[in-house]
Amino acid sequence: MKNPFEKMPTILLADELIDKAFRRAEKAASSFTPRGNKISKARQREELRIRTVSNVIRDNLRKILDRTPGVSTLPPFYQELVDTLVDRKMFHKALASVNWAIKTIRTLEERYVEKVRYSRDPNEIAQLRRQFYGRVASVIKDIADNLEYLNKARDVLKDLPVIDLNLPTIVIAGHPNVGKSTLLRQLTNAKPEVASYPFTTKGINVGQFEEHWLKYQVIDTPGLLDRPLSERNEIERQGILALKHLGKVIIYIFDPSEYCGFPLEEQMHLFEEIYEEFKEFPFIVVLNKVDVADEEKIRKVEEFLRARGIEPIRIVAKDGLGVDEVKKKILEILKLELGRAIHSPKDVPQ
């Protein structure tokens with residue numbers, strides 16, 4: 001799936017849109033050769049100016065509506081992101097104001113064209129066109145704040161991550177430098193695509209692998225699932241909630257060597273927070289860098305996890321050791337989840 005907002009056009013601000021329309025009108029009038037007497041020529045030239053201003057503005061505004069998807073029609077993941085990044089009510093209000101401006105300017109166009117056609121005074125005809133310009137400029141200035149809001153919203157929404165929402169997705173969590181990206185590369189056997197993510201200074205890493213003719217998606221979210229939730233601002237917390245619409249499995253990585261720069265106690269605390277936040281998902285927990293970690297620290301983490309009913313997997317991600325076991329566990333869980341979905345009570349005839 002593509003970013004649903006990638007086709008949202010660049011939005012001209014009020015003064016830019018007015019200036020563009022008026023310049024286009026003058027250009028059209030200067031290259032136009034009217035026919036007939038003085039009054040007829042004046043009518044034709046001013047009608048052309050009026051029509052051109054109206055068309056330019058309405059075409060630009062119409063593009064905003066035509067290329068902006070309805071938020072309520074988006075998949076839940078993208079709806080959550082939109083709610084997080086831009087106020088949905090304000091977003092809808094801004095789009096509604098654009099629609100109002102289109103209709104209002106069209107009405108003004110027809111009204112002033114009719115007045116121009118009935119006038120027999122060239123000076124009055126020019127005056128009517130200037131009145132029209134003023135009325136149109138007033139309409140656009142009325143929605144100036146909304147245009148500016150939509151422009152800022154577009155700058156954010158066009159950077160939403162491009163994720164295939166149809167694929168079973170595995171989300172990787174853990175402190176920085178524990179080996180998340182390395183494991184991602186090993187699982188997907190490819191250089192992950194880095195996609196822009198609006199909640200972090202980095203991008204998310206997205207990779208895919210295929211097994212038994214089925215594709216799976218693995219994502220790592222630098223800056224989101226790598227520090228305690230209690231330290232998050234509201235936008236980051238909502239960004240984490242959005243991930244719940246994606247994940248089918250959570251892979252949590254510990255680094256018992258502590259070479260990542262975080263003591264085991266901190267890693268355990270973060271795990272407890274992530275485990276609580278995503279408790280509806282099955283977890284696969286791996287202990288990375290076991291080739292350089294003290295056995296005592298490895299066992300400390302294992303005891304911590306077994307006390308919670310979790311059997312961890314030892315791996316050395318950089319060498320690919322244990323990665324096949326991780327992949328096997330992923331497929332076992334997803335197969336079980338698929339079986340539950342197929343035999344869900346809601347699917348059983350009453």
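Scan the range 1-109 for trypsin sites (Lys or Arg not before Pro) in coil per DSSP, keeping those whose Cβ has at most 12 other Cβ atoms within 10 Å, and list them by number.
Taking the range 1-109 and a limit of 12 other Cβ atoms within 10 Å, the loop trypsin sites (Lys or Arg not before Pro) found are 2, 35.
Report the residues of the range 106-138 in range of a label on residue 26: point 7 Å along Cα→C-beta, backbone N strictly under 15 Å from it.
130, 133-134
Testing the spin-label approximation: label points 7 Å from Cα along Cα→Cβ at residue 120 and residue 62. State their distance in nm.
That separation, rounded to one decimal, is 3.6 nm.
With a 1.4 Å probe and all protein chains kept in place, how much accessible area does residue 277 have, in Å² rounded to the nearest 10?
For residue 277, the solvent-accessible surface is approximately 40 Å².
What FRET efficiency comes out for residue 148 versus residue 51 if R0 is 35 angstrom and r is the Cβ-Cβ distance? Round to the nearest 0.05.
On the way: r = 27 Å, r/R0 = 0.78.
After rounding to 0.05, the efficiency reads 0.80.
Please tell me which of these pairs span more than 18 angstrom C-alpha to C-alpha: 20/115; 300/327; 7/158; 7/152; 2/327? Display every interim value, and only then the final one.
Numbers: 20/115 25 Å; 300/327 24 Å; 7/158 8 Å; 7/152 15 Å; 2/327 27 Å.
Flagged as over cut-off: 20/115; 300/327; 2/327.
Between residue 96 and residue 272, what length comes free when the chain is fully extended (0.36 nm per residue of separation minus the Cα-Cα distance, one decimal in nm)? Write out the running numbers ahead of the final one.
Values: separation 176, 0.36 × 176 = 63.36 nm, distance 4.45 nm.
Between residue 96 and residue 272, full extension yields an extra 58.9 nm.
Assuming 0.36 nm per residue, please report the length gained on full extension of the stretch residue 37 to residue 158 beyond their Cα-Cα distance.
Values: separation 121, 0.36 × 121 = 43.56 nm, distance 5.28 nm.
Length gained between residue 37 and residue 158: 38.3 nm.
Between residue 87 and residue 318, what is the FRET efficiency for a Förster distance of 51 Å, r being their Cβ-Cβ separation, to the nearest 0.05?
It comes out at approximately 0.70.
Can you tell me the equivalent ellipsoid semi-axes for the range 80-192? Use √(5λ) from the Cα gyration tensor, largest first, whole Å.
Value: 55, 13, 12 Å, ordered largest first.
Do any trypsin sites (Lys or Arg not before Pro) in the range 256-297 lie in a DSSP loop with no more than 12 other beta carbon atoms within 10 Å, and if so, which?
Filter output for the range 256-297: 279.
Hand me the chymotrypsin sites (Phe, Trp or Tyr not before Pro) from the range 1-92 located in a DSSP loop with no more than 14 other Cβ atoms within 10 Å, in residue order please.
Counting only loop positions with at most 14 other Cβ atoms within 10 Å, the chymotrypsin sites (Phe, Trp or Tyr not before Pro) in the range 1-92 are 32.
The values are calculated or read from the model by the stated rules, or taken from the named source; none is laboratory data. These numbers were taken from a predicted model, which means no experiment stands behind them. Glycine also receives a Cβ, built like all others from the backbone with ideal geometry; neighbour counts cover every protein chain displayed. Areas reflect the complete protein model, heavy atoms only, side chains present, ligands, DNA and RNA absent. Shrake-Rupley method; radii C 1.70, N 1.55, O 1.52, S 1.80 Å.
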